[in-house]
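Let me begin by presenting the structure, written as structure tokens, before commenting on it.
The values are calculated or read from the model by the stated rules, or taken from the named source; none is laboratory data. Being a predicted model, the structure only gives us computed values, none of them experimental. Please note: Cβ atoms are built from the backbone with ideal geometry, for glycine as well, and neighbour counts cover all protein chains shown.
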Amino acid sequence: TGESNDSFIHSRGKISKALHISQNTVAKVIQKFKKDGSATILQRRPGRPRKLTSRQERLLMRRVEENRHASSLQLAKAVESQTGVTVSRDTIRRTLKPLLKPMHKKARLEFARAHAEKDLVLSLKIMLLIQNTRCSSFCCGVYSFLLQPI
């Protein structure tokens, strides 16, 4: 057995050189083959493991189809109640983002452009208010200013 072990180690070195992989990797493949008869080692994906499985993502899609106007928070709570997996609103958004069609993207852009102008006007009003208001009455001025319609 000592002789076969030496030749085994020698062949591991030849295999690693021939395949340009480490001897440790060769040893792991051989060990896995001896254990369960399979010589495949699954490659790990880089980055953080996915929070939702493909099955849970399909469940999410069914919830979206049932209620297209549900918020990401509502969807996150629905997924959690049915699967027990806690997910954030951002996870829901990232999962659904690839499903946006060009018409959705266009509508989002139009919405953003329409509201960007209002945000700019509001910012300018606030800056003018800050310049024209004393520090002591600043809070009351901003509060009453924000209640005024644009």
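Could we say that S81 is closer than 17 Å to R93 by Cα and either among the aromatic types (F, W, Y) or modelled with pLDDT of 85 or more (or both) here? Full working, then the answer.
Working: closer than 17 Å to R93 by Cα: no; either among the aromatic types (F, W, Y) or modelled with pLDDT of 85 or more (or both): yes.
In short, no.
Does any residue in region 100-118 that is on the phi > 0 side of the Ramachandran plot come within less than 8 Å, Cβ to Cβ, of a residue that is at pLDDT below 80 six or more places away or on a different chain, and which pairs are these?
none
From the set of residues in region 78-89 that are over 17 Å from the mean Cα position of the chain (by Cα) and surrounded by 15 or more Cβ atoms within 10 Å (Cβ to Cβ), which is nearest to R50 (Cα to Cα)? Reasoning before the result, please.
The first filter runs over region 78-89 and keeps only residues over 17 Å from the mean Cα position of the chain (by Cα), leaving 78, 81-84.
So of that shortlist, the ones also surrounded by 15 or more Cβ atoms within 10 Å (Cβ to Cβ) come out as 78, 83.
Values: A78: 18, T83: 15 Å.
Result: T83.
Name the residue that is nearest to T95 (Cα to Cα), counting only residues in region 60-76 that are surrounded by fewer than 16 Cβ atoms within 10 Å (Cβ to Cβ) and among the hydrophobic types (A, V, I, L, M, F, W, C).
Only one residue tops the list, namely M61.
Across region 98-109, which residue is modelled with the highest pLDDT among those that are surrounded by 10 or more Cβ atoms within 10 Å (Cβ to Cβ) and among the charged types (D, E, K, R)?
Taking the candidates together, the pick is K106.
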